[in-house]
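The values are calculated or read from the model by the stated rules, or taken from the named source; none is laboratory data. Please read these numbers as outputs of a predicted model, since none were measured by experiment. Every residue, glycine among them, receives a Cβ derived from its backbone with ideal geometry; neighbour counts consider all protein chains shown. The area values use the complete protein model at the heavy-atom level, side chains included, leaving out ligands, DNA and RNA. Shrake-Rupley method; radii C 1.70, N 1.55, O 1.52, S 1.80 Å.
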Amino acid sequence: MRLFGLTGGIASGKSTVAAVFRAEGVPVIDADEVAREVVMPGEPALEAIVAAFGPDVLLADGTLDRKRVGALVFDDASLRAKLNAIVHPAIAARSAAHFARLEAEPLVCYDAALLVERGMADAFRPLVVVAAPRDLQRARLVARDGLTESEAEARLDAQAPVEAKIAAADLVIHNDQDPTTLKERAHAALAEVRRRLLT
Ligand code: ADP
């Protein structure tokens, strides 16, 4: 089994590209989904979070109050480090378990928004980066998530600039046209990944 990576900024078109890969029969492990899995009730990471942050981080149904945790760590770097020290190893271990489960597949994609920021690019080559012009990302955030222009700007500012991701990329999909063009480019990028890894 060969692994490759997919990343890109918020509202860059990454989910659209992942959907094309899945439609072509490539299993895609979504790091966001894994991050939600490892804090489900009964998971050791959830118990560790409650031990570190107190029972107030749980909702009445025993699930993690993600908004509350987000607010707690937002402007406190040491709390954020504490949370990451619990969650990141759990995500890495669970992702590895997913890869092991898919061992019979020829090709598996790891889709993670922060792959470059977390220094994981070299483990997932070729790395495919979806890059959209910033004004288009902002417009999509407004249209899709109902954010105001300035809220959308703040979300974009909180991420590594697309140039940093492009610098780490092996293949760049520019999402600067219509969705049909994006999908065509996604098919072409996957063909190139297959060429590099499977031939
Ligand atoms: P991401 O996963 O990077 O956040 P998505 O693939 O969900 O991004 O795309 C964000 C939104 O923008 C979606 O509603 C998608 O349909 C739309 N979108 C993506 N690419 C284009 C494009 N080239 N033109 C118009 N809308 C697009």
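May I ask you to say which residue of A113, A100 is under 30 Å from A52 (Cβ atoms) and at pLDDT below 95?
Working: A100 fails: at pLDDT below 95.
The match here is A113.
May I ask you to list pairs of residues, at least six apart or on different chains, whose Cβ atoms are under 7 Å apart, with the first in the range 50-62 being free of Cβ contacts under 8 Å to residues at least 60 places away in the same chain and the second being surrounded by 11 or more Cβ atoms within 10 Å (Cβ to Cβ) and assigned to a loop (DSSP other than H, G, I, E, B)?
The qualifying pairs are V57/D65; L58/D65; L59/D65; G62/P41.
Looking for whichever is within 12 Å of the ligand (Cβ to nearest atom) and under 15 Å from the mean Cα position of the chain (by Cα) here; the options are V142, V130. Which one fits?
V130
What pairs can you find where one residue is in the range 170-191 and on the phi > 0 side of the Ramachandran plot, the other is open to solvent by less than 80 Å² (accessible area, probe 1.4 Å) and within 15 Å of the ligand (Cβ to nearest atom), and their Cβ atoms are less than 9 Å apart, with a gap of 6+ or different chains?
Note: no pairs meet the criteria.
I'd like to verify a number: residues in the range 17-28 that are touching a strand residue (DSSP E or B) at 6+ places or on another chain (Cβ under 6 Å) and within 15 Å of the ligand (Cβ to nearest atom), how many?
In the first step, residues of the range 17-28 are kept if they are touching a strand residue (DSSP E or B) at 6+ places or on another chain (Cβ under 6 Å); the result is 17-18, 21-22, 26-28.
In the following step, the residues that additionally are within 15 Å of the ligand (Cβ to nearest atom) were identified as 17-18, 21-22, 28.
Within the range 17-28, residues that are touching a strand residue (DSSP E or B) at 6+ places or on another chain (Cβ under 6 Å) and within 15 Å of the ligand (Cβ to nearest atom) number 5.
Only one of V130, V162, V193 is β-branched (V, I, T), in contact with a Gly (Cβ under 9 Å, 6 or more places away or on another chain) and open to solvent by less than 30 Å² (accessible area, probe 1.4 Å); which?
Answer to the selection: V130.
State the number of residues belonging to the range 17-52 that are under 16 Å from R185 (Cα atoms) and open to solvent by 50 Å² or more (accessible area, probe 1.4 Å).
Adding up the residues that qualify gives 4.
State whether one or more residues within the range 65-73 are assigned to a loop (DSSP other than H, G, I, E, B) and buried (at least 18 other Cβ atoms within 10 Å of the Cβ).
Within the range 65-73, none of the residues are assigned to a loop (DSSP other than H, G, I, E, B) and buried (at least 18 other Cβ atoms within 10 Å of the Cβ).
Within the range 172-186, take every residue that is in contact with a Lys or Arg (Cβ under 9 Å, 6 or more places away or on another chain) and open to solvent by less than 30 Å² (accessible area, probe 1.4 Å) and give me the one that is nearest to the ligand (Cβ to nearest atom). First the steps, then the outcome.
Here is the first cut: in the range 172-186, the ones in contact with a Lys or Arg (Cβ under 9 Å, 6 or more places away or on another chain) are 172-175, 177.
Then keep just the ones that are open to solvent by less than 30 Å² (accessible area, probe 1.4 Å); that gives 173, 175.
Details: I173: 10, N175: 5 Å.
Among them, the one singled out is N175.
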